[in-house]
Amino acid sequence: MIKNLDTVYNDIIFDELKRKNAILTAGDKTIGFNSLTVSWGGIGVLWGRDVAYVFVRKSRHTYSFLERSESVTLSFLDEKYKDSVQYIGTHSGRDEDKMKNANLSYTYDPDYDGAYIRQATYCFKMKKLYSIDLPYEELPSDIKNQYYKDGDLHTMFVCEIRQFLVTEEYNELH
Ligand SMILES: Cc1cc2nc3c(=O)[nH]c(=O)nc-3n(C[C@H](O)[C@H](O)[C@H](O)COP(=O)(O)O)c2cc1C
């Protein structure tokens with residue numbers, strides 16, 4: 001992967017990001033890594049920093065990795081990996097080596113002590129800044145009924161975007 005922080009970054013935020021699901025990976029060398037597919041979230045600016053907001057339910061195995069580590073990546077994969085992205089979003093790392101079963105692998109970055117999906121076309125390398133549970137009582141009742149009947153709440157994680165990586169192939173095409 002190579003670094004590119006300007007034009008491709010904008011294209012992705014305002015175009016591709018809306019249409020694709022990403023794979024979030026959390027962890028570090030000591031505790032290992034786990035990933036899940038995410039489709040809810042956003043990119044913005046907070047406290048003068050570029051940030052991503054992601055929403056992860058407490059029941060997810062990845063949640064415990066998010067709690068215990070600082071490194072968080074969001075990896076975006078080409079359409080040809082659709083089945084792999086779906087697999088990561090429908091199986092738990094609690095039960096199996098789902099990366100292997102989804103035919104995906106990690107690239108570990110030792111300076112950052114984090115990992116992203118090797119097959120990704122582009123990826124955000126981030127550091128966790130802050131997290132807060134969605135306040136159940138304050139949510140609109142239709143949202144509570146639709147999404148939180150079982151009490152499995154989302155926690156919002158605010159992550160600072162430290163680096164944006166794209167593959168050389170992507171850079172050549174755009
Ligand atoms: C398209 C798609 C989008 C998803 N988006 C989210 C999300 O934004 N937040 C979340 O907590 N779970 C989301 N999920 C569910 C998790 O990816 C799924 O429960 C996963 O198996 C959890 O894996 P884990 O237990 O190894 O963490 C999504 C699943 C799919 C298929």
Inter-probe distance in nm under a simple model that places probes 7 Å from Cα toward Cβ, at S131 and T90 = 2.7
So what is Rg over Rh here for the chain, counting just Cα atoms and using Kirkwood for Rh?
-> 0.96
Cα-only Rg/Rh for segment 74-141 with Kirkwood Rh rounds to 1.08
Taking segment 24-97 and dividing mean pair separation by its residue count, relative contact order in percent (alpha carbons under 8 Å, at least six apart) = 39
Determine, from the Cβ-Cβ distance of W47 and Q163 and an R0 of 25 Å, the FRET efficiency 1/(1 + (r/R0)^6), rounded to the nearest 0.05.
-> 0.85
Just subtract the alpha-carbon distance of D109 and D83 from 0.36 nm times their residue separation and send over the number in nm, one decimal.
-> 6.8 nm
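Each value in this text was obtained by applying a stated rule to the coordinates, not by laboratory testing. Keep in mind the model is a prediction, meaning the values are calculated, not measured. Methodologically, a virtual Cβ is constructed for each residue, glycine included, from the backbone with ideal geometry; neighbour enumeration extends over all protein chains shown.
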